[in-house]
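All remarks here apply to the structure that follows.
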Amino acid sequence: MNQSDVAAALRQVLPDDCILSRDEELRPYECDGLSVFRQKPMLVVLPRTENEVRDVLVTCRRLEVPVVARGAGTGLSGGSTPHESGVLLSLARLNRILKIDPVARTARLQPGVRNLKVSEAAAPHGLYYAPDPSSQIACSIGGNVAENSGGVHCLKYGLTVHNVLAIRGLTIDGELLELGGGAPDHPGLDLLALVIGSEGLLMVVTEVTVKLIPRPQLARVVMASFADVRDAGNAVAAIIAAGIIPAGLEMMDRKATVAVEPFVKAGYDLSAEAILLAEADGTPEEVADQIAEIERVLQAAGATAMVVSSSEAERLRFWSGRKNAFPAAGRVSPDYYCMDGTIPRKNLGPMLEAIEDMEARYALRCMNVFHAGDGNLHPLILFDANTPGEWERADRFGAEILELCVRLGGTITGEHGVGIEKINSMCVQFSEIERDAFFAIKAAFDATGLLNPGKAIPSLARCAEYGKMHVHGGALPHADIPRF
Amino acid sequence: MDVQAVLNELRERVMAAHQQRQPLRIRGAGTKDFYAQDAGAASAPLRDSRTDVTTAPATEGNTPDAAPDSSVLDLRPYRGIVDYEPSELVVTARCGTPLSEVEAALADRGQFLAFEPPAFGGDPTIGGVIAAGLSGPRRMYAGAARDFVLGTTLLDARGNILRFGGQVMKNVAGFDVSRLLCGSLGILGVITEVSLKVLPRPRAEETLRFEMPSRQAVEAFNRWSGQPLPLSGAAWWDGVAWIRLSGASSAVRAAQERLGGERVDPTEATRWWDALRHCQHAIFQSASSQDRTLWRLSLPDTTPPLSLRGDPLIDWGGALRWYACDPQSGDEPRKAASAAGGTAMCWHGPAPASGRFHPLQPATATLTRRLKDRFDPHGIFNPGRMIAGL
């Protein structure tokens, strides 16, 4: 199918201003938040209604054209990297908040609504939407559903899957699916949980109903310094062992604080090898009690200095460095590559040591930010794409970190998704039989395989290829992915 | 017999069943035999809580039924806690491990299963708890069973062992098969091992009583749920609303002062919430002795009182309502639940023509059939348990 035939077919069902086909119109869509992977789509469509989305899907299904759904394009795993002979389906125009129900504490949203906007709309009622990925100012709810996004508060408040009550959407066949609902329990299989985090492979979401929760009266954060990252890791375990579930529990190593401090002036202790941020929220009495307890535990765990936020402005300032770690990495290095593995917290020490060793071997720097409370690591590998060989080294560095995550009892991705980026690492984490089970699920929803092909689950051939590459070493991974 | 040998035997039985196309009834302690689309009224678990209600015998080797049934795949021998690290907030156990054993291990370290799975007066296996996916009174405040599932191991119809998820809090590699299996009633395969997130037991807990009619109670539950209060239970029965508060003692005390009500003695409070959690409340008893049909309605929590005869037992802040109905009323409760945006299960008593479980939407039923066909092509696992003919 060539571009003009597909465009002609889509013009039958969509207004002209919903179809982009010229080169300069397609360029902005050639990558998502992971810009090392670029692919210009054949066409971009921007429908305004669910009916138009259905028409796009049915048309593409009939013409056997691949469809890649895209929200705000902030994804970090290339989940919405376009398909060269496919249609990129942007849900950006479905961006209305359909209803905020303060009594039922729910929000009904179109997929293109930005994450932060939900909390802003709920704020007059004293409510908010808990999952807060660092990109929350830009990322969309539809994208959050596709990736099962987390954030810095998910240890206490859960991931997207814990905060979405219902979704409505369409299969590639144009069939309407309504999963979940206003009542908490549903008969039959939990297809809602299955679809959340399915990276656009199973259906296209057109409506999301989320849970809103009361905003805590108060939140305060303790910032603690440690002379050794291992001590900081043990301090995290000590907090949990003391029966405390902080609202947020984050760690940054010195390489990360040194990078962000000039940028955000958060007041980080740059002499510390690692800093911990531990937040308590709730009633003023409860927060006072929990902060005192956290301080006690951190003291005993060897903190060399501690500061407690004394105002909301100061609390936000302490967090600003953490939330801006990625842009800060962009300031100290032309490019950075963010990893997203999760490990049992007890293995943090060995992991950080191994990363240090890899820095030497790959001759690249790596700064570490870490959702310490839930074991989710974000090593940021710094490189320069314009220096020949650096990206390839960064890519291998990343893959080695992910393999170590699996060996240490963890996973290759905690919240960013597999997308196209970690597809080879899936061969390490899952056996052929397990991957077959994923394909069986894919086929039950999308027998044609047209929804986001080539993402999230590697084919047998791909894993065989990756296995060989390992043997030979040094070969360029993702050799079949075009680069520009 | 060591656990590996037990697992091998299970695999062999499954492979043989698959080859011979012989159905298998997956079973743990048998506390939820009634919880099935094809369950007859006779098998409902409504017994006096003082008697040994589970049909599961204490000694190994006996089968729960009068005559040994070769179609039963008894999972109780595959038991034991595999891994438990309190500071990681994760416990991993083999499917046949009794719930009481898991809960005792957690209690030793000041932790618990926050979704409060029902035991129905017996001692279910942890595999059965997850396969059924049922949750107790804390469900609306702490989360449901599926919210605490981190990983599962599946024995599929071909005898393969597959692992999904893991032992970490955040994991988005591959489709979330672990949560799909929670509540799957065994139709896709045998859950042989589960990893669950656990939480520290709340430092303080208080229960308050308020005399008020059900309409007012549901309104109050919703109002309070929209405020930053440490709620962990909200129920109503016979003119009295019960509120449970859990958390830091300062938070519980502050909420108690704010809400008022009458403080309930801790022993009585535990008795009340346990009865709700384990389905041992008086309404279960009376439904049985008076030949009533007991309906379990899952509703949006804001739903005003339904126009069904008789007062319900209300749990989950209004989202779960139990009605003991005249069997002549057919599936009227189901119609009322549907109209309110919810679903209804005929928990005990003769099932209406529309089935014991609430019928699935056609599109969802089609997907369920396709998944079943792919995971269990010969239909050996729990035929008819979730959907008639499947």
Would you please name the residue that is farthest from A:P133 (Cα to Cα), looking only at residues in the range A:63-85 that are out of contact with any helix residue (DSSP H, G or I) (no Cβ under 8 Å at 6 or more places or on another chain) and surrounded by fewer than 24 Cβ atoms within 10 Å (Cβ to Cβ)? A:E64
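Here is a list: B:S225, B:S249. Which entry is farther than 30 Å from B:L162 by Cβ and buried (at least 17 other Cβ atoms within 10 Å of the Cβ)?
Details: B:S249 fails: buried (at least 17 other Cβ atoms within 10 Å of the Cβ).
Answer to the selection: B:S225.
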With the condition kept exactly as written, say whether any residue in the range A:369-379 is of a type in the set (A, V, I, L, M), buried (at least 21 other Cβ atoms within 10 Å of the Cβ) and facing chain B (nearest Cβ under 8 Å). no
Quickly run through the range B:267-283 and pick out the residues that are on the phi < 0 side of the Ramachandran plot, out of contact with any Ser or Thr (no Cβ under 9 Å at 6 or more places or on another chain) and hydrophobic (A, V, I, L, M, F, W, C). B:L276, B:A282, B:I283
Taking the condition in a strand (DSSP E or B), crowded, with 18+ Cβ neighbours inside 10 Å, of a type outside the set (A, V, I, L, M, F, W, C) and on the phi < 0 side of the Ramachandran plot, does B:R334 pass? no
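Could you identify the single residue in A:G414, A:G409 that is in contact with a Ser or Thr (Cβ under 6 Å, 6 or more places away or on another chain), within 19 Å of A:R345 (Cβ to Cβ), in contact (Cβ under 8 Å) with a residue 40 or more places away in the chain and outside any helix (DSSP H, G or I)?
Details: A:G409 fails: in contact with a Ser or Thr (Cβ under 6 Å, 6 or more places away or on another chain).
Criteria check complete, one pass: A:G414.
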Tell me, which helices (runs of 4 or more DSSP H) wholly within the range B:197-295 include 2 or more residues that are more than 14 Å from B:G317 (Cβ to Cβ)? B:249-259, B:266-277, B:282-289
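Answer yes or no: is there a residue in the range A:36-51 that is in contact with a strand residue (DSSP E or B) (Cβ under 8 Å, 6 or more places away or on another chain), modelled with pLDDT under 95 and part of a loop (DSSP other than H, G, I, E, B). Walk me through how you get there before you give the answer.
Our first condition is that a residue be in contact with a strand residue (DSSP E or B) (Cβ under 8 Å, 6 or more places away or on another chain); within the range A:36-51, this holds for A:36, A:41-47, A:50.
With the extra rule that they be modelled with pLDDT under 95, the set shrinks to A:36.
Checking the rest, the ones that are also part of a loop (DSSP other than H, G, I, E, B) come to A:36.
Scanning the range A:36-51 turns up at least one residue that is in contact with a strand residue (DSSP E or B) (Cβ under 8 Å, 6 or more places away or on another chain), modelled with pLDDT under 95 and part of a loop (DSSP other than H, G, I, E, B).
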A:L76: passes all of (1) on the phi < 0 side of the Ramachandran plot; (2) modelled with pLDDT of 95 or more but (2)
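Is it true that B:R334 is within 13 Å of another protein chain (Cβ to nearest Cβ), touching a residue at least 40 places away in the same chain (Cβ under 8 Å), of a type in the set (K, R) and out of contact with any helix residue (DSSP H, G or I) (no Cβ under 6 Å at 6 or more places or on another chain)? Walk me through it before giving the result.
On the way: within 13 Å of another protein chain (Cβ to nearest Cβ): yes; touching a residue at least 40 places away in the same chain (Cβ under 8 Å): no; of a type in the set (K, R): yes; out of contact with any helix residue (DSSP H, G or I) (no Cβ under 6 Å at 6 or more places or on another chain): yes.
Against the criterion (within 13 Å of another protein chain (Cβ to nearest Cβ), touching a residue at least 40 places away in the same chain (Cβ under 8 Å), of a type in the set (K, R) and out of contact with any helix residue (DSSP H, G or I) (no Cβ under 6 Å at 6 or more places or on another chain)), B:R334 does not qualify.
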Checked the range B:103-127 for anything in contact (Cβ under 8 Å) with a residue 40 or more places away in the chain, in a helix (DSSP H, G or I) and of a type in the set (A, V, I, L, M); matches are B:L106, B:A107, B:I126
Condition set at pLDDT 90 or above and assigned to a loop (DSSP other than H, G, I, E, B), scope the range A:454-476, selection farthest from the chain's Cα centre (by Cα): answer is A:S459
Among what's in the range A:405-438 and is among the polar types (S, T, N, Q) and more than 7 Å from every other protein chain (Cβ to nearest Cβ), pick the residue that is surrounded by the most Cβ atoms within 10 Å (Cβ to Cβ). A:S425
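Determine if the range B:200-208 includes at least one residue that is under 16 Å from the mean Cα position of the chain (by Cα), among the acidic types (D, E), surrounded by fewer than 24 Cβ atoms within 10 Å (Cβ to Cβ) and under 26 Å from B:A104 (Cα atoms).
Within the range B:200-208, the subset under 16 Å from the mean Cα position of the chain (by Cα) is none.
No, the range B:200-208 contains no residue that is under 16 Å from the mean Cα position of the chain (by Cα), among the acidic types (D, E), surrounded by fewer than 24 Cβ atoms within 10 Å (Cβ to Cβ) and under 26 Å from B:A104 (Cα atoms).
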Tally of residues being closer than 30 Å to B:R292 by Cα and either surrounded by fewer than 22 Cβ atoms within 10 Å (Cβ to Cβ) or in contact with a helix residue (DSSP H, G or I) (Cβ under 7 Å, 6 or more places away or on another chain) (or both) across the range B:346-364: 12
Filter the range B:313-331 down to the residues that are part of a loop (DSSP other than H, G, I, E, B), over 14 Å from B:S354 (Cβ atoms) and more than 14 Å from chain A (Cβ to nearest Cβ) and list them by number. B:D326
Just name the residue that is modelled with the lowest pLDDT out of those in the range B:370-390 that are within 8 Å of another protein chain (Cβ to nearest Cβ) and in a loop (DSSP other than H, G, I, E, B). B:I387
Within the range B:171-199, take every residue that is within 29 Å of B:R271 (Cα to Cα) and either charged (D, E, K, R) or in contact with an Asp or Glu (Cβ under 6 Å, 6 or more places away or on another chain) (or both) and give me the one that is surrounded by the most Cβ atoms within 10 Å (Cβ to Cβ). B:G183
Could you grab the pairs with beta carbons closer than 7 Å, sequence gap of 6+ or different chains, first residue in the range A:334-345 and more than 7 Å from chain B (Cβ to nearest Cβ), second one outside any loop (DSSP other than H, G, I, E, B) and among the aromatic types (F, W, Y)? A:D335/A:F383; A:Y337/A:F383; A:C338/A:F326
The one condition in (1) at the interface with chain A (Cβ under 7 Å from one of its Cβ atoms); (2) in a loop (DSSP other than H, G, I, E, B) that B:A157 fails to fulfil: (1)
When only residues in the range A:26-47 that are of a type outside the set (A, V, I, L, M, F, W, C) and in contact with a helix residue (DSSP H, G or I) (Cβ under 7 Å, 6 or more places away or on another chain) count, which is nearest to A:L98 (Cα to Cα)? A:P47
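Hey, which of the helices (runs of 4 or more DSSP H) in the range A:149-217, taking only ones fully inside, have at least 2 residues that are within 18 Å of A:H416 (Cβ to Cβ) and facing another protein chain (nearest Cβ under 9 Å)? Explain how you work it out, then say what you get.
On the way: elements: A:154-157, A:160-163, A:191-195.
In the range A:149-217, A:154-157, A:160-163 are the helices (runs of 4 or more DSSP H) which contain 2 or more residues that are within 18 Å of A:H416 (Cβ to Cβ) and facing another protein chain (nearest Cβ under 9 Å).
Residues in the range B:349-369: is at least one within 24 Å of B:R277 (Cβ to Cβ), away from chain A (no Cβ under 13 Å) and not in a loop (DSSP other than H, G, I, E, B)?
As a first pass, look at the range B:349-369 and keep what is within 24 Å of B:R277 (Cβ to Cβ): B:349, B:356-358.
Going one step further and asking which of them are away from chain A (no Cβ under 13 Å), we end up with B:349.
Subsequent filtering for residues that are not in a loop (DSSP other than H, G, I, E, B) retains none.
No, the range B:349-369 contains no residue that is within 24 Å of B:R277 (Cβ to Cβ), away from chain A (no Cβ under 13 Å) and not in a loop (DSSP other than H, G, I, E, B).
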Does at least one position in the range B:175-195 carry a residue that is in contact with a Leu (Cβ under 6 Å, 6 or more places away or on another chain), away from every other protein chain (no Cβ under 12 Å) and not β-branched (V, I, T)? no
I'd like the full set of residues that are farther than 19 Å from A:G79 by Cα and either of a type in the set (A, V, I, L, M) or touching a residue at least 24 places away in the same chain (Cβ under 8 Å) (or both), limited to the range A:429-442. A:E432, A:I433, A:A437, A:A440
B:A254 passes all but one of (1) away from chain A (no Cβ under 11 Å); (2) modelled with pLDDT under 95; (3) more than 17 Å from the chain's Cα centre (by Cα); which number fails? (1)
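Take A:L116 and tell me if it is farther than 17 Å from A:K455 by Cβ and part of a helix (DSSP H, G or I). Reasoning before the result, please.
Working: farther than 17 Å from A:K455 by Cβ: yes; part of a helix (DSSP H, G or I): yes.
Against the criterion (farther than 17 Å from A:K455 by Cβ and part of a helix (DSSP H, G or I)), A:L116 qualifies.
The values are calculated or read from the model by the stated rules, or taken from the named source; none is laboratory data. Since the structure is predicted, the reported quantities are computational estimates derived from the model, not experimental observations. Quick reminder, even Gly has a Cβ in these numbers, built from the backbone with ideal geometry, and neighbours come from all protein chains shown.
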